[in-house]
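Only one structure is covered here, and it is reproduced in the block below.
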Amino acid sequence: MVVRTARDPAPAPAVPRRAGMSDRTRRGLAAWGFALPFLVLFVTFMAGPVLASLLMSLTDLRSADLRDPLAVNPVGLDNYTRLLRDEVFLQAAVNTLYFVVIGVPLTIVCALAVAVLLNKGVTRLRTFFRVGFYLPVVTSIVAVAVVWRFLLQPDTGPVNQLLRLAGIDGPHWLADPVWAMPALILMAAWRNMGYLMVVFLAGLQSIPRELYEAAEVDGAGPWARFREVTLPMLRPTLLFGTVITGIGYLQFFEEPLVMTRGGPLNRTLSVSYYIYNQFGFGNYSYAAAMGYVLFVAIVVLTVVQFRLLRPRT
Amino acid sequence: MTAAVSGARGKRRAQSRSAGGRAWVVHAALAIALVAAASPFAWMLSGSVKTDAEIRRVPPTWLPDQATLDNYRELFERLDFTRYFVNSLIVTGAVTLGNLVFCSMLGYALAKIDFPGRRALFALVLGTLMVPGAVTFVPLFVLVSNLGLVDSYLGMILPFLAGPFGVFLMRQYISGLPDEVIDAARIDGAGQIRIFLRIVAPLARPALATLGILTFLGTWNSFLWPLVVAQSEEKYTLPVALALYSIGQNQTRFGLLLAGAVVVVVPVLVVFVALQRFFVQGIATTGLK
């Protein structure tokens, strides 16, 4: 209050400025001024490359052409038709799909189970549990991969030692064409569960208690309450979680790079990893085309999930 | 609101008392799950202080017979982990600072200034949230190499100095600040820059903290881009160095690699545990509104 009276004469200098320019123009200038640094970086390093990638995918650009841009020729959709005949790419696409189709539901179910348990009666230790389950999420994937490679060692690894106690002869996990992918999926579920758990917990807490009480009065047991109250009320949150996880899993890359190098027999080679390999070989335009295919796959998956899980109103 | 919350809490407490043993079952189930979730960290720590001979022993030991810091000594003395650590700090610090400044500036304009092009600009920011890294990756490398920034800090920093996620988060938070405060300042004759610095930035401190932590963690852990840009060992960040060692000639030296993992993970764990409440806020601001 005092400050305002002391500053009362201040608007005076603002008046002549306003006379030269309309209020609208000044607001626009200020806003675009605030936007400018972001926009410069954004156009250069994001919007530009998104367009350049599309153009690149329609040429035969290779790493050697960077010094001689005139040697680049337009080739139309050749890179895209080549993809359909590339058996390694098709294998990578199947692997990626496998990872998404098994990994997303597994992660969601685990996260939901823990969130429901946390929401039931656990009050004092909730922060403790939340931090514990969230730790894997904030951990570097490279560090995680190093640890899991150690855990999954066939002879000396703790996982197989544990299985031996139960009388099971564990597989060679990462060296086994059948078991390598399930091992990566398990690791991904472990790593990403915590994030979804926090999201689901927030969603669970926004469900009005009265609904449960009404269901209980109607004689609904715990399972019926979960199916008839929790699941429908949680639909928007579940949708968000599925979409985010799906987008992330479609791009999986670091896990196979550090743990299996895409092997054995290309069984853990993902699309992102194959893009990285082609980039390494200098096949820039081919890698760009694959990047766009992955982009389209992400958009399609997202739209499909929205259709399937849209909240019924 | 407060009354409703504490009412519900009281009811829940009464319920769990009447349910008797059920709370114990829930706690036990959660504790088992938590042990499963946390045990890889325990193995990482215990393995990092074991000798090469002990880490190969069958059956494996939970705790090391004689703990040794040899693995850590080797990381910092024979290998150049001090340098990688400093590199990670430089890149992460610069990217975090850039995002805080640039994203909050645009976030403020989008939230509180009515100007032509506002909706289109916001749509543009939202639209790029979904673009996968694999799409921009190749042209970005061509661009960076044309600018002569391969194998430089700038090459690792510039492409990530201002991301759409930060704009989204800041815009969401600043939209929720009361207009009256800003109008009052404007009536007092404050210009937009002064309003942003003196009024909006201090009020948006929780969102800035969230964005700062999320950017710090994401950049500290980022791997693909530094792997491509850093071509000489002097420019490796920690994850790049660890990944290359783990697939190179040291790939069977698990004690050494686990110690490397500890060095990558510990700064993040410290930041996370100290500031974990901001994560929950961040998820609530971006995910569910």
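Here is how the numbers come out for the structure above:
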quantity	calculated
Matching residues, segment A:47-100, being at pLDDT 90 or above, hydrophobic (A, V, I, L, M, F, W, C) and more than 17 Å from A:Val296 (Cα to Cα)	A:Val88, A:Phe99
Tally of residues being among the polar types (S, T, N, Q), without any contact (Cβ under 8 Å) to a residue 60 or more places away in the chain and crowded, with 19+ Cβ neighbours inside 10 Å across segment A:87-141	2
Residues that are within 22 Å of A:Ile141 (Cα to Cα), of a type outside the set (Gly, Ala, Ser) and under 16 Å from the mean Cα position of the chain (by Cα), drawn from segment A:259-313	A:Val271, A:Tyr273, A:Leu294, A:Ile298
Single match in A:Pro136, A:Pro154 (criterion: closer than 23 Å to B:Phe41 by Cα, outside any helix (DSSP H, G or I) and within 13 Å of another protein chain (Cβ to nearest Cβ))	A:Pro154
Total residues in segment B:127-141, condition surrounded by 20 or more Cβ atoms within 10 Å (Cβ to Cβ) and part of a helix (DSSP H, G or I)	8
Cβ pairs under 7 Å, 6+ apart, first in segment B:212-227 and in the same structural domain as B:Val264 (by TED's automatic domain parsing), second modelled with pLDDT under 90 and hydroxyl-bearing (Ser, Thr, Tyr)	B:Asn221/A:Ser140
Close pairs from segment A:18-37: first closer than 20 Å to B:Asp183 by Cβ, partner modelled with pLDDT of 85 or more and surrounded by fewer than 17 Cβ atoms within 10 Å (Cβ to Cβ), Cβ under 6 Å, at least 6 apart	A:Gly28/B:Pro116
Any hit, segment B:23-44, residues being touching a residue at least 60 places away in the same chain (Cβ under 8 Å), under 26 Å from A:Pro154 (Cβ atoms) and more than 8 Å from chain A (Cβ to nearest Cβ)	no
Identity of the residue in segment B:223-259, within 9 Å of chain A (Cβ to nearest Cβ) and assigned to a loop (DSSP other than H, G, I, E, B), that ends up surrounded by the most Cβ atoms within 10 Å (Cβ to Cβ)	B:Phe223
Residue in segment A:163-182 that is within 20 Å of A:Ile247 (Cβ to Cβ) and among the aromatic types (Phe, Trp, Tyr) present	no
Every pair of residues 6+ apart whose Cβ atoms lie under 6 Å, when the first sits in segment B:139-155 and is over 16 Å from A:Phe42 (Cα atoms) while the second is part of a loop (DSSP other than H, G, I, E, B)	B:Asp151/B:Gln231; B:Asp151/B:Ser232
Flag if B:Val200 is within 11 Å of another protein chain (Cβ to nearest Cβ) and touching a helix residue (DSSP H, G or I) at 6+ places or on another chain (Cβ under 9 Å)	yes
Residue in segment A:118-136 that is at pLDDT below 90, within 18 Å of B:Val271 (Cβ to Cβ) and touching a Pro at 6+ places or on another chain (Cβ under 9 Å) present	yes
Qualifying residue in segment B:79-87 (condition: without any contact (Cβ under 8 Å) to a residue 40 or more places away in the chain, surrounded by fewer than 16 Cβ atoms within 10 Å (Cβ to Cβ), more than 12 Å from chain A (Cβ to nearest Cβ) and under 18 Å from the mean Cα position of the chain (by Cα))	yes
All positions within segment A:158-195 that are aliphatic (A, V, I, L, M) and modelled with pLDDT of 90 or more	A:Ala180, A:Met181, A:Ala183, A:Leu184, A:Ile185, A:Leu186, A:Met187, A:Ala188, A:Ala189, A:Met193
Subset tally (residues that are among the hydroxyl-bearing types (Ser, Thr, Tyr) and surrounded by fewer than 20 Cβ atoms within 10 Å (Cβ to Cβ)) for segment B:27-50	2
Helices (runs of 4 or more DSSP H) completely within segment B:14-102 that count 1 or more residues being among the polar types (S, T, N, Q)	B:22-48, B:70-73
Residue in segment A:46-58 that is more than 26 Å from the chain's Cα centre (by Cα), more than 7 Å from every other protein chain (Cβ to nearest Cβ) and surrounded by 17 or more Cβ atoms within 10 Å (Cβ to Cβ) present	yes
Residue in segment A:202-225 that is closer than 21 Å to B:Phe272 by Cβ, more than 10 Å from every other protein chain (Cβ to nearest Cβ) and of a type outside the set (Lys, Arg) present	no
All positions within segment B:94-121 that are over 24 Å from the mean Cα position of the chain (by Cα) and among the hydrophobic types (A, V, I, L, M, F, W, C)	B:Ala109, B:Leu110, B:Ala111, B:Ile113, B:Phe115, B:Ala120, B:Leu121
Count - residues of segment A:157-199 that are assigned to a helix (DSSP H, G or I), without any contact (Cβ under 8 Å) to a residue 24 or more places away in the chain and either within 7 Å of chain B (Cβ to nearest Cβ) or of a type in the set (D, E, K, R) (or both)	3
The one condition in (1) touching a residue at least 12 places away in the same chain (Cβ under 8 Å); (2) farther than 24 Å from B:Pro239 by Cα; (3) of a type outside the set (A, V, I, L, M, F, W, C) that A:Gly248 fails to fulfil	(2)
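Quick grid of which residues meet (1) at the interface with chain A (Cβ under 9 Å from one of its Cβ atoms); (2) over 30 Å from A:Ala288 (Cβ atoms); (3) buried (at least 18 other Cβ atoms within 10 Å of the Cβ):
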residue	(1), (2), (3)
B:Val101	yes, yes, no
B:Leu110	yes, yes, yes
B:Val125	yes, no, yes
B:Ser145	yes, no, no
B:Leu154	no, no, no
B:Phe168	no, no, yes
B:Ile174	no, yes, yes
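The values are calculated or read from the model by the stated rules, or taken from the named source; none is laboratory data. Owing to the predicted nature of the structure, the values given are computational and were not obtained by experimental measurement. Every residue, glycine among them, receives a Cβ derived from its backbone with ideal geometry; neighbour counts consider all protein chains shown.
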